[in-house]
Protein chains: 2
Amino acid sequence: MLLPRLYFQHFTSGSFLAERNGELVGFLIGFLSESRRGESYIHFVGVAPEWQGGGLGGYLYQLFFDYSRAHGRTVVRAITSPGNAGSYTFHRRMGFDVEPGPVAFDGRPVHPDYDGPGLDRVCFVRSL
Amino acid sequence: MLLPRLYFQHFTSGSFLAERNGELVGFLIGFLSESRRGESYIHFVGVAPEWQGGGLGGYLYQLFFDYSRAHGRTVVRAITSPGNAGSYTFHRRMGFDVEPGPVAFDGRPVHPDYDGPGLDRVCFVRSL
C-alpha cells in the first residue's frame, strides 16, 4: 500500500516513526478528526516482521493516544480487514471495542462494502 | 475514484456538496492541514458534466477559501494530473500559482512520481 504524499505533508503531527540503527522498523499514521471534535483516527500502521511481538506496535499506539488526549480527544477509531486475525487480537488487547456488524467472519463482526464494493471492514472504537 | 469512508466521517467540515432538484451536481472534499497550521488542502473535486462551465466549481472553491480563512489559514494547496489541461486552466483562473517542477508536460511544470511510481503531479499553491 502506497500512501498519497498529502499524509506526509499534512498529517505528520499525529504520525510516528520508529527507527533502529537508522532503519525504519515501524510507523503509525493517524490524525485528529476535523469534523468530529472529540475523535481521532488511526489510519495506517506497520511494524517490520522481525520487530513484531515485541511491543513496538503498542508503544506507537500509546504515543498516538497521548497525542489525541493532549488535543482533547476522548475517542479513537480504527478499522481492519475481516481476515486479519492478528490485527483484531492486537486491537482488542489495546482496549478497543468492536462495533457490531450485520455479518461476521470467523466470529469477527463485519461491515460489508464499508470502503466501497468488496471492501469489508471491522470497525474498532476505544475511549481515551 | 472511490474515497475511503474516513473522508465522510472526519473531513465533512471542509467539504461541500452542491445539489440541484435533489441530485448531486458537484462536490469538494478538503481539509485543514493538521501539521502545517497555516495551510489547507483541496483533495478531490467534481462537477457533473452538464454543470461544468457555469461557475459551480469556482463557487465550491470560494466556500472552501472562506472556510480556510475562518480557521486562520493563509495558504491553500491542490494537485492535479499532468494531462489535465482543464484542471490546470481552472486553478490558474482561481488564482493558484504553479510550483516549479523538474520536468514539463505540454508547458505545465510536473513533479515526477509525486504520489508514487508513475503518479506524476502538477502542484498548485494560492495565498488566502
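Bear in mind that the values in this text are calculations on the coordinates, not laboratory data. If you're wondering where the values come from, they're calculated on a predicted model, not measured in any experiment. Glycine also receives a Cβ, built like all others from the backbone with ideal geometry; neighbour counts cover every protein chain displayed.
Below, the figures for the structure above:
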{"read-out": "Residue-averaged beta-carbon neighbours from other chains (10 angstrom radius) around A:3-13", "value": "5"}
{"read-out": "Where only alpha carbons of chain A are counted, the Rg and the Dmax (Å)", "value": "14.8, 46"}
{"read-out": "Protection-proxy order for peptides A:23-33, B:101-111, each taking the mean of Cβ atoms within 10 Å per residue, highest first", "value": "A:23-33, B:101-111"}
{"read-out": "Distance (nanometres) between label positions extended 7 Å along Cα→Cβ at residue A:125 and residue B:9", "value": "0.9"}
{"read-out": "Teacher prompt: residue A:51 distances to equivalent labels in other copies, 7 Å Cα→Cβ, nm", "value": "4.6"}
{"read-out": "Using a 7 Å Cα-to-Cβ projection, residue B:89 label spacings across copies, nm, ascending", "value": "5.9"}
{"read-out": "Nearest-first distances (nm) between copies at residue A:20, label 7 Å from Cα via Cβ", "value": "5.9"}
{"read-out": "Residue-averaged 222 nm ellipticity for chain B, from DSSP H runs of 4+ at -39500 (n - 2.57), nearest 500", "value": "-6500 deg cm²/dmol"}
{"read-out": "Global geometry of the protein assembly as shown, whether rounded, prolate or oblate, following the gyration tensor of its Cα atoms and the 1.5 cut on a/c", "value": "prolate"}
{"read-out": "Whole-Å distance, taken between Cα centres, linking region B:95-125 and region B:1-66", "value": "21"}
{"read-out": "Farthest positive-ward along the protein assembly as shown dipole, Cα basis, beta-carbon charges - from B:46, A:33, A:79", "value": "A:33"}
{"read-out": "Over region B:85-125, equivalent-ellipsoid semi-axes from the Cα gyration tensor in Å", "value": "18, 10, 9"}
{"read-out": "Test item: Cα-centred dipole of region A:5-127, Lys/Arg +1 and Asp/Glu -1 on Cβ, debye", "value": "320"}
{"read-out": "Per-residue ³J(HN,Hα) for region A:113-128, Karplus 6.51 cos²θ - 1.76 cosθ + 1.60, θ = phi - 60°, Hz, x for Gly and Pro", "value": "6, 4, 10, x, x, x, 9, 6, 9, 9, 10, 10, 9, 9, 6, 10"}
{"read-out": "Partner chain coverage, peptide B:96-106 - average Cβ within 10 angstrom", "value": "0"}
